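**Q** Input: one structure, supplied below.
The values are calculated or read from the model by the stated rules, or taken from the named source; none is laboratory data. Remember, it's a predicted structure, so these values are computed and weren't measured experimentally. Positions of Cβ are backbone-derived with ideal geometry, glycine not excepted, and every protein chain shown enters the neighbour counts.
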């Protein structure tokens, strides 16, 4: 893969790291890829490379850099405890500005050819939603975004197409939460998919809840949707 790390200037005069993965042709539409709570770890870098092979210029920012730069955790019990601490310590106001800074840097890259979207998983799914509300991206994908249902006041600010993937048996996001998000986007340019018989985190092949069929189906739907909405 043609991958590297670049630095992004923050709104308050600092700099933070992001993983950049380029497509085989070197140019393409953009994708801000937003991490789960374990940081920009091997799985997220692999997902970035996966979407780069699909033709996207992918930039995955380190969202925990203000607490500890370079968080790269595994799915062990001890690492997961650390991951929850980092998530709890994430400053929402700074995070929103760091997301916008990432999108601005991606949009300015010479390799970008066309529009850009955001795509995130769990915590990153919520951050993708937040980034969409900022108006800094042209479309957004949210995989089982945690606590979107608690931030529905942002829905009215979103003017871009949205794609939501949810798990039927999600032990973090109950059906009532999914229904609340669906209601907030009723009549809007938003597409929802609920995957039967699977749990939270079904896309992550490093975790026990990984489901190949659901992950492949969601990936295919995301690619089709991105191709249509970033045209």
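**Q** Got a number for residues in the stretch 99-129 being touching a strand residue (DSSP E or B) at 6+ places or on another chain (Cβ under 9 Å) and part of a helix (DSSP H, G or I)?
**A** 15
**Q** Give just the number: which of (1) farther than 29 Å from residue 52 by Cα; (2) part of a helix (DSSP H, G or I); (3) free of Cβ contacts under 8 Å to residues at least 12 places away in the same chain does residue 227 not satisfy?
**A** Failing condition for residue 227: (1).
**Q** Pairs under 6 Å by beta carbon, first residue on the phi > 0 side of the Ramachandran plot and surrounded by fewer than 20 Cβ atoms within 10 Å (Cβ to Cβ) in the stretch 137-158, partner assigned to a helix (DSSP H, G or I) and at pLDDT 95 or above, six or more apart or different chains?
**A** Cβ pairs passing all conditions: 147/126.
**Q** Still on this structure, please answer the following. Among (1) part of a loop (DSSP other than H, G, I, E, B); (2) over 21 Å from residue 140 (Cβ atoms), which single condition is residue 84 missing?
**A** Exception for residue 84: condition (1).
**Q** Report yes if residue 70 is part of a loop (DSSP other than H, G, I, E, B) and farther than 19 Å from residue 207 by Cβ, otherwise no.
**A** Answer is yes for this residue.
**Q** Is it the case that residue 96 is surrounded by fewer than 20 Cβ atoms within 10 Å (Cβ to Cβ), in contact with a helix residue (DSSP H, G or I) (Cβ under 7 Å, 6 or more places away or on another chain), part of a helix (DSSP H, G or I) and free of Cβ contacts under 8 Å to residues at least 40 places away in the same chain?
**A** Yes.
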